[in-house]
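The values are calculated or read from the model by the stated rules, or taken from the named source; none is laboratory data. Given the structure is predicted, the values throughout are model-derived calculations rather than measurements. Every residue, glycine as well, gets a Cβ built from its backbone with ideal geometry; the counts of neighbours run over all protein chains shown.
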Amino acid sequence: MRPVTHSIAVLGGGISGLACALRLAQAGKRVTLIEGSGQLGGLGAFFKHDGRSFEKFYHCMLPSDGPLLRVLESLGIRDDVYWKPTTFAYAHQGRFFPLNTAPDLLKFAPLRFIDRIRVGITGLYGRLVSDKGLDNITTVKWLTRLSGARAFTKFWQPMLEAKFGDRYHDVPALWFWTRFNREKGESKGECKGYIKGGYKHITDTCARVLRSLGAEIRLSTAVQGIDLDAEGRVTVTTAAGSEKFDQIVITLPTPQVEKLLGPGMRAQMPVLDTTTDYQGVINCLLFLKKPLTTHYWVATPEGGHPFDGVVETSTLTDTSDRGERHVVYLTKYLHREDPRFTQADDSIRAAWIPALKKLFPQLQDADIEASFIFRAPFVEPIYKLGQMQLRPPEELVPNKVYLSNTAQVYPVVTSWNGSVIQAEHTLDVMGVSSVPPIGSSTAALKPAKLPASAPPPRSVVVKV
Ligand SMILES: Cc1cc2nc3c(=O)[nH]c(=O)nc-3n(C[C@H](O)[C@H](O)[C@H](O)COP(=O)(O)OP(=O)(O)OC[C@H]3O[C@@H](n4cnc5c(N)ncnc54)[C@H](O)[C@@H]3O)c2cc1C
């Protein structure tokens, strides 16, 4: 029997909460994981269609996602991840321009030849230059200086708008630099990974391992308040009442944390930065009888498309994970207060599907097996100059209340891997030691089994 030392509540059952809960339970803590929705996985949650589970929002891994892959190793499911070469294209005036190699960029007709060279040099420079000082210069200024005003307006600006809407102006160059460098070291070319059984396989396995370590998982239990009582114990309130814990780890996005804090908490913790807002997203998922394209991602950032990208995940996923159908996500980043965010599902379908048919004239109504609309209000923090200093601390109330959320992941890319890295930081601050993986005898990460066939050379531009 492990000695039970502390009762710890982890609030939120997305990957941040799961990663924290796992390491805490492995370290012998008495863990209660409290999740507001009916399932684990947060933004990587799934829904059922025709007997299979599909992510509501497109998800994949990169070979450079070492910390996430180590968690999968520890769960004994690392070998269920499979990898494929994937490609990217840019839609311009009814044509698709692949943008994966240096020759692709040289042939990229939407830009003048000189601008293609400058964009290419920007990509190279972005990979070679250090990140020093980049948190204090805007992406707009940095990219305009490197690529020129014309290439910025034509090429980079629509991509930034696609992610941050009209709030891209202040995003620091450091955010962009990390995207340039996320795939660094993948000399074999762009390659993405997915896991057999989908992300549900990860969350199901986490839940099983957590329960085997004695953790309690409560679903459909929204936290309504967090406070400190007169003795300084942490109180978590849900519809079932208030409960005391020795420590808590909060993993909800900051705007959702802010409204839960009671007066005792506010009096003892640093003021959370509430000036950093979050961008939301709408995904329209289409199940198709025929493929649309061979590209994993087609960027459609130019005006006229109601969505910013067409993500055909079935270029990556095996038929055992999706049946014979092809799976396409149309994606649009929007602030939750933008009127388009709350427009009715049918209005979204009525605008987006004809726009998709215009882009892919071969697509017929009869090819669409089904369509689903999903929205998430808190996805990506909208970063500002000096964001490194705005990140909330890991320890909110000494030795009692800790935070591990997407607002701290910066400048790492917000992703399952980024959340695992942040969870490790927070647990280090808590003084929770990491333990050897359960599923293997060694903590060393096996290299990703990349496809044997030679994938195309590494992407020359960055997908934001
Ligand atoms: C369209 C899209 C595409 C993406 N693509 C990728 C990708 O390809 N690869 C990748 O790695 N990442 C991808 N991501 C990013 C990734 O999903 C997130 O960075 C990650 O899931 C964040 O995890 P989290 O646990 O910090 O937050 P979340 O996933 O937001 O989890 C927070 C959890 O807290 C719960 N919660 C909220 N309020 C309460 C409350 N009051 N009480 C209890 N529980 C509460 C929520 O229900 C949720 O489960 C994508 C995200 C989106 C939206």
Tally time: how many residues in the stretch 285-331 are charged (D, E, K, R), buried (at least 20 other Cβ atoms within 10 Å of the Cβ) and more than 24 Å from Lys48 (Cα to Cα)?
-> 1
The stretch 39-82, subset in a loop (DSSP other than H, G, I, E, B) and more than 9 Å from the ligand (Cβ to nearest atom), residue farthest from Met430 (Cα to Cα) | Asp50
Just checking, which of Glu55, Glu73 is more than 18 Å from the chain's Cα centre (by Cα), at pLDDT 95 or above and not assigned by TED's automatic domain parsing to the domain that holds Leu124?
-> Glu73
Within the stretch 118-131, is there a residue that is over 23 Å from the mean Cα position of the chain (by Cα), in contact (Cβ under 8 Å) with a residue 12 or more places away in the chain and part of a loop (DSSP other than H, G, I, E, B)?
-> yes
Exactly one of (1) surrounded by 14 or more Cβ atoms within 10 Å (Cβ to Cβ); (2) in contact (Cβ under 8 Å) with a residue 40 or more places away in the chain is unmet by Ala366. Its number?
-> (1)
Within the stretch 222-273, work out how many residues are part of a helix (DSSP H, G or I) and either modelled with pLDDT of 95 or more or within 11 Å of the ligand (Cβ to nearest atom) (or both).
-> 4
Has the stretch 378-392 got any residue that is buried (at least 18 other Cβ atoms within 10 Å of the Cβ) and among the hydroxyl-bearing types (Ser, Thr, Tyr)?
-> yes
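Conditions (1) farther than 21 Å from Leu18 by Cβ; (2) polar (S, T, N, Q), marked per residue:
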site	(1), (2)
Ala215	no, no
Leu228	yes, no
Ile248	no, no
Thr251	no, yes
Pro263	yes, no
Met269	yes, no
Leu272	yes, no
Does the stretch 2-20 include one or more residues that are farther than 19 Å from Glu394 by Cα, buried (at least 24 other Cβ atoms within 10 Å of the Cβ) and among the hydrophobic types (A, V, I, L, M, F, W, C)?
-> no
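Every residue, every condition in (1) touching a Cys at 6+ places or on another chain (Cβ under 8 Å); (2) without any contact (Cβ under 8 Å) to a residue 40 or more places away in the chain; (3) surrounded by fewer than 19 Cβ atoms within 10 Å (Cβ to Cβ); (4) among the aromatic types (Phe, Trp, Tyr), yes or no:
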position: Cys60; (1), (2), (3), (4): no, no, no, no
position: Leu68; (1), (2), (3), (4): no, no, no, no
position: Gly76; (1), (2), (3), (4): no, no, yes, no
position: Thr87; (1), (2), (3), (4): no, no, no, no
position: Tyr90; (1), (2), (3), (4): no, no, no, yes
Which of the residues spanning the stretch 8-23 are outside any strand (DSSP E or B) and among the hydrophobic types (A, V, I, L, M, F, W, C)?
-> Ile15, Leu18, Ala19, Cys20, Ala21, Leu22
Pairs where the first residue, in the stretch 395-420, is in a loop (DSSP other than H, G, I, E, B) and within 9 Å of the ligand (Cβ to nearest atom) and the second is of a type in the set (Gly, Ala, Ser) and modelled with pLDDT of 95 or more, C-beta under 7 Å, 6+ apart = Ser404/Ser16; Ser404/Ala423; Asn405/Ser16
Selection within the stretch 366-387 - of a type in the set (Phe, Trp, Tyr) and closer than 13 Å to Gln408 by Cα | Tyr383
